[in-house]
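K.L.:
Below you'll find the structure I mean.
The values are calculated or read from the model by the stated rules, or taken from the named source; none is laboratory data. Treat the numbers as computed from the prediction; the structure is a model and nothing was measured. As a convention, Cβ positions derive from the backbone with ideal geometry for all residues, glycine included, and neighbour counts pool all protein chains shown. The accessibility values were calculated without ligands, DNA or RNA, using every heavy atom of the protein model including side chains. Shrake-Rupley method; radii C 1.70, N 1.55, O 1.52, S 1.80 Å.
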Amino acid sequence: MANLYRDTGIVLRVQKLGEADRIITLLTQKHGKVRAVAKGVRRTSSRFGARLEPFGHVDVQFYPGRSLDVVTQVETLDAFHVKLVDDYSRYTAGCAVLETADRLTAEEGEPALRLYLLVTGALRALAAGERDGSLVLDAFLMRAMSIAGWAPAVDECARCGEPGPHRAFNVQAGGVVCANCRPAGSATPSAETLRLLIALLHGEWDVVDALPVGARRDASGLVAAHLQWHMERQLRSLPLVERTARPVDG
C-alpha cells in the first residue's frame, strides 16, 4: 500500500457508477482536480458516503488506479452543505462556484492551489451568511478569471491601456474601453457599477457595502457575460442564482 496518498479537497460533483459506487470529482490542495471512485457509497451501510457530497471540504486518502484512483478514507473538515442547502440564494451561488471551478480545471493532476484556496474561501463566506450570496459569487468569479488570465480590464482601457475611469464596457474587447477604442455596441454601465467591479476584484468590501444595491444586478450581468465569453459556453447553474439583494443572517 506504499502508493497511497492523502490530500484535502472540495467535492465539486458526483456521478453514479454501477449499482453502489460513485465517481467523485474533487479540487484538491496539492494535486488539482482528482476524479476517483468511491466504492459502495450509495449503500446505506457506507461508512463515508455522506461525507462525499458536493460542497464537502474533506481530507481524503487515495489509492492510485489504472484509470481512476480509489477513495480509501475520508474525514470531513467542513460540511459547507449543511449551511447552504436550506438557503436558495446561497445554495445556487455555491453551485455556480463549484461548476466554475470544475470548468477552470480541465486538466486532472495539475496543481491549482490558488483556485483551491479561492473556492474554499468562497464556500466558507457563503456558509457564514454574512454577505449577499450573489456578491460573494461575483467576487469569486472576478478573482477566478484573474487566476485564469481572463480578468476583465476595470482600471484602464482594455485595448490601449489608457488609465480610467472609462464609461464603456465591451466583453469582446476585454472589459472597459476608452472613448477612442470603444467598439460599436458597447455597454455603458453606471459609474457605480464599474466601481463595484473594481471593488469585487480587489476585495474592497467596505466599498462594495457603500455602493447602491441597484449596481449589483448590472455588475453581475457583466461578470457573467465576460466569464461565459471566455468559457465559450454557458454555466448551467448561473441563471439560477438569485440576484435580488436579501437580508443576511444576523
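K.L.:
Kindly indicate which of L115, L135, L126 is buried (at least 19 other Cβ atoms within 10 Å of the Cβ), of a type in the set (A, V, I, L, M, F, W, C) and under 9 Å from the mean Cα position of the chain (by Cα).
P.N.:
When all the criteria are applied, what remains is L115.
K.L.:
Given the structure, is P183 without any contact (Cβ under 8 Å) to a residue 12 or more places away in the chain, more than 24 Å from T105 (Cβ to Cβ) and open to solvent by 20 Å² or more (accessible area, probe 1.4 Å)?
P.N.:
no
K.L.:
Separate question: For region 186-221, which residues satisfy the criterion of being surrounded by fewer than 12 Cβ atoms within 10 Å (Cβ to Cβ) and of a type in the set (S, T, Y)?
P.N.:
The answer is T188, and nothing else.
K.L.:
For region 146-240, please list each of the helices (runs of 4 or more DSSP H) lying entirely inside it that holds at least 2 residues being over 23 Å from the mean Cα position of the chain (by Cα).
P.N.:
The qualifying helices (runs of 4 or more DSSP H) are 191-202.
K.L.:
Where residues in region 22-37 are of a type in the set (S, T, N, Q) and open to solvent by less than 20 Å² (accessible area, probe 1.4 Å), which of them is farthest from T120 (Cα to Cα)?
P.N.:
Looking at the filtered set, the residue picked out is T25.
K.L.:
Within region 1-21, which residues are open to solvent by less than 50 Å² (accessible area, probe 1.4 Å), within 15 Å of E53 (Cα to Cα) and either assigned to a loop (DSSP other than H, G, I, E, B) or among the charged types (D, E, K, R) (or both)?
P.N.:
Residues satisfying the conditions are A20, D21.
K.L.:
Next question. Of a type in the set (V, I, T), in contact with a Gly (Cβ under 9 Å, 6 or more places away or on another chain) and under 22 Å from R217 (Cβ atoms) - does that describe any residue in region 155-174?
P.N.:
Scanning region 155-174 turns up no residue that is of a type in the set (V, I, T), in contact with a Gly (Cβ under 9 Å, 6 or more places away or on another chain) and under 22 Å from R217 (Cβ atoms).
Every residue, every condition in (1) of a type outside the set (D, E, K, R); (2) touching a strand residue (DSSP E or B) at 6+ places or on another chain (Cβ under 8 Å), yes or no:
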residue: T105; (1), (2): yes, yes
residue: E108; (1), (2): no, yes
residue: L117; (1), (2): yes, no
residue: T120; (1), (2): yes, yes
residue: R124; (1), (2): no, yes
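K.L.:
A follow-up question, please. With the condition kept exactly as written, say whether any residue in region 46-54 is at pLDDT below 90, surrounded by fewer than 15 Cβ atoms within 10 Å (Cβ to Cβ) and over 21 Å from A128 (Cβ atoms).
P.N.:
The answer is yes; a qualifying residue exists.
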